[in-house]
Amino acid sequence: MAEKKVATKKDTEPKIGVYVCHCGSNIAGTVDVPQVVEFAKGLPAVAIAREYKFMCSDPGQSMIKDDIKQLGLNRVVVASCSPLLHEPTFRHAIQEAGLNPYLFEMANIREHCSWTTEDHGEATEKAKALVSAAVKRIYLHQPLEVREVPVNPNTLIVGGGIAGIQAALEIADAGHKVYLVEKDPSIGGHMIQFDKTFPTLDCSACILTPKMTSAGSHPNIELMTYSEVEEIAGFIGSFKAKIRKKAKFVDESKCNGCGVCIEKCPWKADSEFDLGLSQRKAIYTPFPQAVPNIPVIDKESCAYFLKGKCRACEKFCEREAIDFEQQDKIVEIDVGNIIITTGYDPFDPTPIIKYGYGKFPNVVTGLEFERICNSVGPTGGKIVLKDGSEPKSIAIIHCVGSRDENYHKYCSRVCCMYALKYSHLIKEKTKADVYQMYIDMRCFGKGYEEFYQRLSDEGVTFIRGKPAEVTDRAISEEEKGKLIVVGEDSLLGTVIRVPVDMVILCIALEARADAKNVAQLFSISQGADAFFIERHPKLDPVATMTDGVFIAGCCQGPKDIPDTVAQASAAAARVLALISKGKVELEATVAVIDEEKCSGCRICNLLCPYNAIDFIEEEEVSRINDALCKGCGTCVAACPSAAITHKHFTTEEIMAEIEGVLV
Amino acid sequence: MEIATPMKETTDIILEKGGNPLELCYQCGLCTGVCPWNRLTSFTLRKLIHKSQLGVVDFEDEELWRCVGCNACVDRCPRDVEIPHIMRALRRVIIEVGAGIVPHSLRISEKNISAVGNPLGEPPEKRMDWAKDLGVKTFTKGTEILYFPCCYQTYDPPAQKTALATIDILKKAAVDFGIPDNNVVCCGESIRKAGAESLFQRLAKTNIDIFAELGVKKILVTSPHCYHTFKDEYPELGANYEVIHLSQYLADLIKDGRIKLTKELNKKVTYHDSCCLGRYQGIYDEHREILNSIPGLDFVEMPEMREYSLCCGGCAGRLWMESKKGERLSELRLEQVLEVGANTLAISCPYCMANFNDGVISMDKAGVLEVKDISELVAEAL
Amino acid sequence: MNFEPKIVGFCCNWCSYRGADLAGTARMKCSPNVRIIRVMCSGRVEPTFVVKAFELGADGVLVLGCHAGDCHYSEGNYKTMRRMPLLKKMLAQMGIEEERVRLDWVSASEGDRFVSIVDDMTAKVRALGPFKNNSKEAKHG
Amino acid sequence: MAKLKLALYWASSCGGCEIAQLQIGDKILKLAEVADIVFWPVAIDAKYKDVEAMPEKSIDVCLFNGAIRTSEQEHMAKMLREKSKVLIAYGACAYGGGIPGLGNMFNRELIFERAYLETPSTDNKEKVLPQTKCKVPEGELTLPEFYDTVKTLGQTVDIDYVIPGCPPEARTTWLALEALIEGKLPPKGTVITHNAKAVCDDCPKKRDVKKVKKFYRTFEIMPDPEICLLEQGLLCAGIATRGGCEAPCPQANMPCTGCYGPVDGVIDQGAHFLSAVASVIDSNDPDEIQRIIDGIYDPVGTFYRYSLPDSLLRRAKIK
């Protein structure tokens, strides 16, 4: 970080130059410019007041520069158009003449004055007031230093699903280092659990594993699986991250992934990857194509950790890679930018008691069904009931936990499409009848409506209406032994009972259970739906309110794979742009706390949307991290001790301006 | 084919009468599927809401009087639509605008309430006759609790037992309480749901004025309907009381040891959650605590319990209307009671009691099953 | 001469100031009574500024920010949304008419809305007459 | 060394400041060793003419308590200014207007109406109101004029120092007296306290980040004694009030009411207090915010309890 220069000393007495622009006839046509100039001359500390046809033109700017040099002006007011147009122009001009760019003030006598009235008298009076405000305000201006910090070209990506992998590859391919942190033993995320992908019906693993492998072997990507970010400090350009690498009890440098340890391990536990539908060993890789292909030992199910003996894996490992003494390791890394791609959690439908999830074994969630369909899944890809038989009919219930005030208000965006995909897979693999029970079909993506149409042609029955319950209470012979889905078919306007063998619940995508911790860790915000909030919903969809922290994929909101990949690439592009620029400018008009005055009341602490205010427990004062501060001034307005100063917008400056406009 | 044209004016009237939740409905049909009526007949709730949205409601349709406001749909509605409010609004349109016909039996009850302050048409001066010989004091300024029995519990002999048992218990627990005099009237809860808004306003005002005069702060009730309206609806008119249902009070008395349940009751009992106490107020545990603390009593649950309880079909004025054989929710519920092998059905609502007593007779189960208010069971065990 | 009120306007840099600029760019006619002070966020507007304006002779104070949810700083306008009603309650006690202080929201694209707010406020304050600050000169007796 | 000449005077005040001056306890003996009291109407009989007779600047230090409400008080303030080398505004009333300053929510007419006509205990059938002049058989009687607006001492005459508080804590009084005795006077205009930071700095309660969903009045809740009162919804002025008092009120579980006045640099104590309180309202919903604000009764009396005449607006506008 560049050296912090705080200007405190007022450099000599203010000597103000006032320049009133005609803007052709835009201003001069309504405002009596000479009168304003005369008025300005009479204001305190004004050394010179002039008028000119176009102040923003080269001659106009030269006039100012010359006066600075010849008259020794140290503050400049230009009364012309909106500062949003030409403030940068004039700041640049006075800087060229050797003045600090913040010793400049603009009076907006065009947009706010000459253009909104035709009355010359009114316009002239108002122009005078605005000029007087600018002069009074600039009298108190202090030079400020724009600080630049270099950007560390390394990037931290948190979450190794498709979003994280995509972003990592983009950045790594551009030649920059990426740390890809994943909490599970393998990267791949939810996508690698899926069987096929809609609407193209590509095999999910077939399109994802090449990317996983290349992320695993890329020279610029350091995979940190079975790891979690514990602490983040710093700011854009120079973050410091502490990462906990959980003990795998397998020495990564020795293991060659032969898998003999897994084969020999006699102990089992429910497979997380298969959502408990199958079992894995105590030493395991979550799935065969895992990247890295290095197993981990699960302490909770390993006999050696539980009972103190076994060590079968160790005996059979020829490379002596098993290390029961391994400990968690904290690794510190320095990065310039962070991309968060932590994904989503599947909604647990158990609370919707009437759908019978957890009660009826053949009521399954969508994600479970993905595993059931998958050829390396628990059933070897056969769509079967719990008793091993093939279902004759399957109901697919949409919007389970989505679009529902009781659970999640939002639409999960992918369920309609994956439900259609299931229909296809069922039709492909079985002879079962399929009932789609939907509220609305939302097929908005490229090729999605066409997919819907194709499925309609495959003999799927569509029933419009949100089912009320799934029950096993039969009221007729044909319902016996079946699951009966009861609800209104709202197009028929009657209640229907559909007896089926299997029910698939299209569960919502919800924010990760630990999203709050992640949000706090990275100083980003969550929306009412608990997903992370982007900087602007339309124009800045992957940045966050914290500079240098980007989000992509489902952690920002439910989305499908194409959107996730697009977002990930966008986030990568944003990071690459910063890396290529090499430096970032920090806001100069920030707030600072005078610790001599701060009583540590902590009123301001929560007001900062950027979490820039820290409370220093030992000193009992609050302190602003000026690299995080964006200079909004909200805390300043709240401080009951007037201990916070907003640079360039100090209370005194604004008071002076109020006095000025009220001449 | 019948052609419908949206009538904005009709929709506006429904909205004006308090039907505004209908604007939220997105027509998923979950309510229809959840509605208990559809186990017996066909009642397309969703369609009725959609017709209201379009202003094409057939106000002559008897179906408009079907909903009893059991709230099963509201509990699960994905858009939090207060469907009973829509129903109430539709009925208000019928009554206040004269858009349709009020069922005959309901009209009689409404007249009774309007004329004599109770749905049974009994003389108001005899309202408190049931307590004549009990030596119970009439509530005066300074008494701690006002015990307010519902109209049925004051006039109707089977339901009176609830009031008598309550007095018995309160006396044994040495509670400082009083009963109202003959001037109080029906709480108005059901007739309001049936659309008679101005009558409700009048009833509520009468009671509120009496309560104010007496300085009533705490009201003990044995009807969940009185409970709901005193607690949630009278505040709309500026009144605020601490309202307690007897079951809550009993659970506390037992917990605090102020009454001791010593006598064994050798009954197999199941409990029916009333909608008004259950889904409306979330009061479920107290009843189970009470029943489980009665010695000898064998308590069994029905599969449809607590928030999934099946309505008896008696609220919103439905008690006063005739339901055809085969269209009675109470009988459906009694079948569930019999399925779990209970010989006693515990309830805590006078409407449930009336409906189930009728059901026991019509199903010819008089010797097999008895319906008892929870207060009766407690009084017996004392 | 007719009374022309002086109104101090605070506009945030990102929405309302731009809205005011747009009104000018589109040459919409607008009462000249509101004089704008630019702050970065409406959240910077201290209640002290408002009372200071009255002390210095303003007849009204207008605070404009981004619409709820649109704040450039994500939540600054919500802080204003909390402060101004309490300030107004306090000022009402001090005998300052409700119409003299107004908090409203104008987006960068709402030049017309800016004009209508300014005109409306000006008319209302004009109807109220001058705010005589009876403090400074508060003569004994 | 000659003894210091000390004058003490009370204007519009309750008399608590006099008691507070005695609160310094046995230090009073030390004071007696070095100072003579030349004027102290509450304890020593004296007439205007006695003061008038004193030469200019003959009093070394004058501790002046009370706000300026009448012509007599104004006159005495001016006279004592003339006679004193150092004039100190003693206590909240002289400093910021204090409780009498809340009279600026009304004017003379309203106050007279209330005090002499409307109060239930008043028996005034002839509706007699105080007059500055009144003819009686013996001649003309005069009363000081009662002003419409209460002013602070500083708004009436030039003051040298402030000892804040309602009443000032003994330690604060002694801090100032000690400085006087030792001749180690701070720069003119100083508000003399042990702590220039806000009361929170003195307060031992545990402070966390602040979010308030509902404001309470003191009788409505029993606050947790360990935790910051504002966090519990009590309108504690400690955040906006100069410390040095050692936070006796919050320590007794009563919210600070702001008697030590603002922290240096604060232009308007009430507006700052108000802004801070409003900022921590835990809602972004306008209706809910309004409901929460509805729970704040009497904002002026809460935020400007001791400083209304010293605030930017000074007084209410009476229609």
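The values are calculated or read from the model by the stated rules, or taken from the named source; none is laboratory data. Keep in mind the model is a prediction, meaning the values are calculated, not measured. Counting neighbours? That spans all protein chains shown, and the Cβs are built from the backbone with ideal geometry, glycine included.
A few notes on this one:
- For A:Asp334, the conditions (1) over 27 Å from A:Glu510 (Cβ atoms); (2) charged (D, E, K, R); (3) assigned to a loop (DSSP other than H, G, I, E, B) are fulfilled apart from (3).
- Within the stretch A:512-541, being part of a loop (DSSP other than H, G, I, E, B) and within 9 Å of the chain's Cα centre (by Cα) holds for A:Ile524, A:Ser525, A:Phe531, A:Ile533, A:Glu534, A:Arg535, A:Pro541.
- Residues of the stretch C:50-76 that are of a type outside the set (Asp, Glu), more than 9 Å from chain A (Cβ to nearest Cβ) and touching a residue at least 60 places away in the same chain (Cβ under 8 Å): C:Phe54, C:Gly60.
- C:Lys29, sole failed condition from (1) at the interface with another protein chain (Cβ under 7 Å from one of its Cβ atoms); (2) in contact with a Ser or Thr (Cβ under 7 Å, 6 or more places away or on another chain); (3) buried (at least 22 other Cβ atoms within 10 Å of the Cβ): (3)
- For the residues B:Val81, B:Val57, the requirement of being outside any helix (DSSP H, G or I), within 14 Å of chain A (Cβ to nearest Cβ) and buried (at least 18 other Cβ atoms within 10 Å of the Cβ) singles out B:Val81.
- The stretch C:101-129, residues that are in contact with a Leu (Cβ under 7 Å, 6 or more places away or on another chain) and among the basic types (Lys, Arg): C:Arg102
- Selection from the stretch D:39-57 of residues that are basic (Lys, Arg) and farther than 15 Å from D:Lys78 by Cα: D:Lys47
- Cβ-Cβ contacts under 7 Å between residues 6 or more apart (or on different chains), taken from a first residue in the stretch A:644-656 that is within 9 Å of another protein chain (Cβ to nearest Cβ) to a second residue that is in a helix (DSSP H, G or I), are listed as A:His646/A:Val636; A:His646/C:Arg44; A:Phe649/C:Arg44; A:Ile654/C:Phe49; A:Met655/C:Lys52.
- From the options A:Ala566, A:Ala637, residue that is in the same structural domain as A:His176 (by TED's automatic domain parsing), modelled with pLDDT of 95 or more and either small (Gly, Ala, Ser) or part of a strand (DSSP E or B) (or both): A:Ala566
- Filter result (in contact (Cβ under 8 Å) with a residue 40 or more places away in the chain and surrounded by 21 or more Cβ atoms within 10 Å (Cβ to Cβ)) within the stretch B:355-370: B:Asn355, B:Phe356
- For the stretch A:115-164, the set of residues classified as within 8 Å of chain C (Cβ to nearest Cβ) and among the small types (Gly, Ala, Ser) consists of A:Ala123, A:Ala129, A:Ala133, listed by residue number.
- Leading residue by the ranking (surrounded by the fewest Cβ atoms within 10 Å (Cβ to Cβ)) among those in the stretch A:170-197 that are free of Cβ contacts under 8 Å to residues at least 60 places away in the same chain and outside any loop (DSSP other than H, G, I, E, B): A:Asp173
- The listed residues are D:Pro130, D:Pro168, D:Pro144, and the only one of them that is within 27 Å of D:Gln73 (Cβ to Cβ), in contact (Cβ under 8 Å) with a residue 40 or more places away in the chain and surrounded by fewer than 19 Cβ atoms within 10 Å (Cβ to Cβ) turns out to be D:Pro144.
- Take the conditions (1) of a type in the set (Gly, Ala, Ser); (2) more than 20 Å from A:Phe347 (Cβ to Cβ); (3) more than 32 Å from the chain's Cα centre (by Cα); A:Gly447 misses just one of them, which is (3).
- The requirement of being among the basic types (Lys, Arg) and either modelled with pLDDT under 95 or in the same structural domain as D:Gln23 (by TED's automatic domain parsing) (or both) is not satisfied by D:Lys205.
- When each of C:Phe131, C:Phe114 is tested for being modelled with pLDDT under 95 and either part of a helix (DSSP H, G or I) or buried (at least 19 other Cβ atoms within 10 Å of the Cβ) (or both), the lone residue that passes is C:Phe131.
- Just one of (1) within 14 Å of chain C (Cβ to nearest Cβ); (2) under 20 Å from A:Ile654 (Cβ atoms) fails for A:Ser80. It is (2).
For (1) part of a helix (DSSP H, G or I); (2) out of contact with any Lys or Arg (no Cβ under 6 Å at 6 or more places or on another chain); (3) surrounded by fewer than 23 Cβ atoms within 10 Å (Cβ to Cβ), each residue gets a yes or a no:
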{"position": "A:Gly445", "(1), (2), (3)": "no, yes, yes"}
{"position": "A:Glu450", "(1), (2), (3)": "yes, yes, yes"}
{"position": "A:Pro467", "(1), (2), (3)": "no, yes, no"}
{"position": "A:Val470", "(1), (2), (3)": "no, yes, no"}
{"position": "A:Arg473", "(1), (2), (3)": "no, yes, yes"}
{"position": "A:Val486", "(1), (2), (3)": "no, no, yes"}
{"position": "A:Leu492", "(1), (2), (3)": "no, yes, yes"}
{"position": "A:Val498", "(1), (2), (3)": "no, yes, yes"}
{"position": "A:Cys506", "(1), (2), (3)": "no, yes, no"}
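- Evaluated against (1) within 11 Å of another protein chain (Cβ to nearest Cβ); (2) within 27 Å of D:Ala89 (Cα to Cα); (3) among the hydroxyl-bearing types (Ser, Thr, Tyr), D:Thr257 falls short on exactly one condition, (1).
- Count of the stretch A:56-87 residues, restricted to those that are of a type in the set (Gly, Ala, Ser) and surrounded by 19 or more Cβ atoms within 10 Å (Cβ to Cβ), is 4.
- Condition met for C:Leu103 (surrounded by fewer than 24 Cβ atoms within 10 Å (Cβ to Cβ), within 19 Å of A:Ala638 (Cα to Cα) and more than 7 Å from every other protein chain (Cβ to nearest Cβ)): yes
- Residue within the stretch A:383-404 that is surrounded by fewer than 20 Cβ atoms within 10 Å (Cβ to Cβ) and within 14 Å of chain B (Cβ to nearest Cβ) present: no
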